[in-house]
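I have placed the structure first, in the form of structure tokens, so that the comments after it can refer back to it.
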Amino acid sequence: MRWSRSKGSLLPDASAGPPRVEPGGGRLRLLHARTRLVLRSFRNGAAVFLESRIGLLALVIIVLFAVMALSHPVLMGTVWDADIYDPVTGYAFDATEQPAPPSWKHPLGTDPLGRDVLSQLLFSTGSEFVLGITAALVTVAIATTVGAVSAYYGGLVDAFFMRLADLIIALPSISLLIVLSGLFDLSLFYLALVIGVLGGFGGTAIVLKSQALSIKVRPFIDAARMTGGGQFRIIFVHIVPNLLPLSLLYMMFTVTSAIFAEAVLSFLGLLDIRMSWGIMIHTANTGGYLLSGTRYWWLVLPAGASITFLCSAFYLAGRALDEVVNPRLSRRDG
Amino acid sequence: MAGYLLRRVSQMILTLFLILTVTFVLVQAQPGDYASFYALNPDLPPDVREQMRATFGLDRPVWEQYLIHMRNTVTGNFGVSFGHFPRPVLDVLAERLPRTIVLFVSATAVSFYVGFLLGKAIAWRRGGILEYAATISGTALFTAFTPAFALMMIWIFAFRLGWLPVGKFLDPLVWRDADVSSTSVFSLMLLTAAAFLAFASLVSFASRRSQRIGGRRSAVPLLLAGALVLALAWYLSGIGNLALDILRHMILPVATLTLISFAGTMLLTRNSMLETVREDFVMAARAKGLPDAQVRDRHAARNALLPVVTSLIYSLVFAIDGSVIVESVFSWPGIGLTLLEAVRTEDLPLVMGAIVFIGFLSLLAHLVVDVLYACLDPRIRYR
């Protein structure tokens, strides 16, 4: 009965028939049944997710930004000349004064150094995604492992990781990041790593541990233990996959905080990266263009609005996902 | 109670120790050596350099330097700041800490109160236009990019309308002829605020205990009278205009921090209220025929408050970090701006001192909220 072991709480598909002794066939059949289960729960989840209008809106915004990120290399390869449109080293020779207002050639104008704002915006979108997703993956990888391990073993291991999480929650993270980025040349990847580690050992670990505790007492864990599953196997094959929906939710929130942290640090001029939305605002601010109000709107508004929209889109997507994966919230009548 | 406090304080000390260790490791690991920074800095006279070397043990092995660092921190000896040269770090920080605390405490208090009131109201009447307006604007402000939003506030209220000063702590034109320092005026203001708060809590405690029917109602005039006396004292003291100047500079940062952070409390209160209004005791209160507002405020909201206070722990750290950002945008010379300036100029002693103070502040805030929570919830018996 290999195939019924992993998802003990879900009834095995009756049409799958009794297990055979053929060596390859059982494994294939198991894979097939698992795929169908995953697909079915995905379809159900997607239906609930899309039912909430907020989730749909968030998804549309995220897809829109993804398209923006992908369009930059395409545009650079085809219509945009690298001398003029490069987000860092380009210079708009055609404009008589910098920053130039929006025109047909530069739809969002140019910045005080003569670089095309739209090109900067699109270029930065890609790196924001890379940053957010790297940080989120690191967070989730750490938090699910820590949560599952401390729920499974309890005792000293649990106490250690939970106290550590308490400590990390109490740390003023932006202030620490300011010190870190001030003293080191922090690149985007290391920033993502730091944010991911802080998030992974912090609050997310506590939430995932409490979820893992409720999974640990379900019958299929006992079944796995009875059939001789080792500790490693029980943790990583039986507990962790059941934590993944909830950890997906916390990925969303991590993306929001990572993008926000990057923007703040770049705004303060502390990061060693070439271009980002925060740096765009930093450039405008140090040039003194921000207090001129609406006159140079294209220097601030596109970048500021992008940060707000992408952050809130991931946050709202997380909220909509909450309705799907959080059993306490689903189908609440108010 | 004592055991609980003791445990929390020891946990706090452990965290502080962790912060200290992390900052020490960071400073040691950064490119450029702490020791050579002193040795090669031409601005430092030789005798000062010698003194620094003795204070930080720069010619000793790293683990010994670590121990010295710990001892120095415990005794409050952070060394001398490079940026504010002859002044010791502790002196600089002691001047700036109250400013940050005031900014942060008043913003947290205001945003918590506003968020709680709004959340209560929108949960009570669901589907109203207030709910949509508050939710959408709250979320938008919550996710707005803080520096850009702060700059927008400056542009609107200080630059365009000219109602409030652009930034900084005080207006030099007002203070030119003053013979008192801004720090002493500010400490006096703090004292006044503390006195008023003590008076207010005393009055509210007394009015709650009073058995007389009109006992509660007499509290408001009493509070007004107290405020009037304090205001009069400031007016007669001759430095009232200076205090007013500082207050005027405070409005915009506090308002900005409040607008950014009230939505969190509001949405949480709303969720918690929605759960509470379905409880039996709310229905019982309604069945007794109590007025609507009384059921909402006395029966539902009181019980909905608990999870919101828990979340305050998380929002406090957010607020401290937020005040770092807001301080840097408004040039408010508090701890956050000091940290930022020190990091930019590689003023390492000041960096270490500032991060320790910020860590201490957030831990202290945690402790206060924890104790507050234990006091509010009778089910928690200081385990």
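The values are calculated or read from the model by the stated rules, or taken from the named source; none is laboratory data. The model shown is predicted, which means the values in this text are computed figures rather than measured ones. No Cβ is skipped: glycine too gets one built from the backbone with ideal geometry, and neighbour counts run over all protein chains shown. Quick note on the areas: whole protein, heavy atoms, side chains included, nothing else; ligands and nucleic acids left out. Shrake-Rupley method; radii C 1.70, N 1.55, O 1.52, S 1.80 Å.
In order along segment B:368-376, the phi-based Karplus estimate (6.51 cos²θ - 1.76 cosθ + 1.60, θ = phi - 60°) of 3J(HN,Hα) comes to 4, 5, 4, 5, 4, 5, 5, 6, 6 Hz; Gly and Pro are listed as x. Between the Cα long axis of helix B:182-209 and the first principal axis of chain B there is an angle of about 30°, rounded to the nearest 10. Partner shielding of B:145-155 amounts to 6, given as the average count of beta-carbon atoms from other chains within 10 Å of each residue beta-carbon.
In what sequence, highest mean first, do A:86-99, A:310-323, A:33-46 appear when ranked by Cβ atoms within 10 angstrom? Mind showing how you got there, number by number?
Working: A:86-99: 15.3, A:310-323: 22.1, A:33-46: 12.5.
Packing proxy ranking, top to bottom: A:310-323, A:86-99, A:33-46.
Based on alpha carbons, the Rg and Dmax found for segment A:30-80 are 17.2, 51 Å. Can you figure out the FRET efficiency of residue A:190 with residue B:233, using R₀ = 56 Å and their beta-carbon distance, to the nearest 0.05? Efficiency at R0 = 56 Å is approximately 0.55.
Rounded to the nearest 500, what is the protein assembly as shown's calculated 222 nm mean residue ellipticity when only DSSP H runs of at least 4 contribute -39500 (n - 2.57) each, over all residues? Display every interim value, and only then the final one.
Numbers: 27 runs with 507 residues, N = 717.
Only helices count here, giving -24000 deg cm²/dmol.
Computed over the Cα atoms of segment B:2-74, the ratio of the radius of gyration to the Kirkwood radius (Rg/Rh) comes to 1.13.
To the nearest 20 debye, what is the magnitude of the charge dipole of chain A about its Cα centre, counting +1 on the Cβ of each Lys and Arg and -1 on the Cβ of each Asp and Glu? List each step's numbers first, then the result.
On the way: 25 positive and 20 negative charges, 442 e Å.
Dipole size: approximately 2120 debye.
Computed from the Kirkwood radius of its Cα pairs, the Stokes-Einstein diffusion coefficient for the protein assembly as shown at 10 °C and 1.306 mPa s stands at 55 µm²/s. Specify the angular offset, from 0 to 90 degrees and rounded to the nearest 10, of the alpha carbon long axis of helix A:240-267 from the longest principal axis of the alpha carbons in chain A. With rounding to tens, the tilt is 20 degrees. Positive-end ranking of A:99, A:154, B:358 along the dipole of the protein assembly as shown, with charges on Cβ about the Cα centre, is headed by A:154.
Here the Karplus curve 6.51 cos²θ - 1.76 cosθ + 1.60, taken at θ = phi - 60°, turns the phi angles of segment A:192-201 into couplings of 4, 5, 5, 4, x, 5, 4, x, x, 8 Hz, with x standing for Gly and Pro. With the charge dipole of segment B:178-295 set up from +1 on Lys and Arg Cβ and -1 on Asp and Glu Cβ about the Cα centre, the Cα lying farthest toward the positive end among the listed residues B:232, B:180, B:205 is that of B:205.
Per residue of A:299-309, other chain Cβ atoms within 10 Å of the residue Cβ number 3 on average.
Using a Förster radius of 25 Å, what is the FRET efficiency between residue B:223 and residue B:190 based on their Cβ-Cβ separation? Nearest 0.05, please.
Efficiency at R0 = 25 Å is approximately 0.80.
For segment B:186-309, the C-alpha radius of gyration sits at 1.43 times the compact-globule guess of 2.2 N^0.38 Å, with N the residue count. Can you tally the net charge around residue B:92? Count Lys and Arg as +1, Asp and Glu as -1, for every other residue whose Cβ sits under 14 Å from the Cβ of residue B:92. Value of the local net charge: -1. The listed residues B:101, B:154, once ranked by accessible area (1.4 Å probe) with the largest placed first, stand as B:101, B:154. Given q = 0.14, 0.21, 0.29 Å⁻¹, what are the Debye log10 I(q)/I(0) values for segment B:179-238, with equal point scatterers placed on the Cα positions and solvent ignored? Rounded to two decimals, the profile gives -0.49, -0.82, -1.17. Note on the protein assembly as shown: dipole from Cβ charges, positive end direction compared against B:15, A:70, A:55; the farthest Cα belongs to A:55.
Backbone amide hydrogens, once placed in the peptide plane, bring residue B:80 within less than 5 Å of B:89, excluding anything fewer than 5 places away on its chain. Axis angle, to the nearest 10 degrees, between helix B:2-29 and the longest C-alpha principal axis of chain B: 40 degrees.
Scanning residues 5 or more positions from residue A:110 or on other chains, those with amide H under 5 Å from its amide H are A:100, A:117, with H placed 1.01 Å from N in the peptide plane. For segment B:90-98, putting each phi into the Karplus relation 6.51 cos²θ - 1.76 cosθ + 1.60 with θ = phi - 60° gives couplings of 4, 5, 4, 5, 5, 5, 9, 4, x Hz, in residue order, rounded to whole numbers and with x for Gly and Pro. Peptide A:178-190 has a mean shielding of 5, counted as Cβ atoms of other protein chains within 10 Å of each residue's Cβ.
Between residue A:226 and residue B:10, what FRET efficiency comes out of the Förster formula 1/(1 + (r/R0)^6) with R0 = 45 Å and r the beta carbon distance, rounded to 0.05? That pair, residue B:10 with residue A:226, gives E of 0.60. Over chain B, the hull volume per residue, using the convex hull of the C-alpha atoms, is 188 Å³.
Could you size up the charge dipole of segment A:66-205 around its Cα centre, putting +1 on the beta carbon of Lys and Arg and -1 on that of Asp and Glu, and report it in debye to the nearest 20? Could you put the intermediate results ahead of the total?
Values: 3 positive and 11 negative charges, 100 e Å.
Approximately 480 debye in magnitude.
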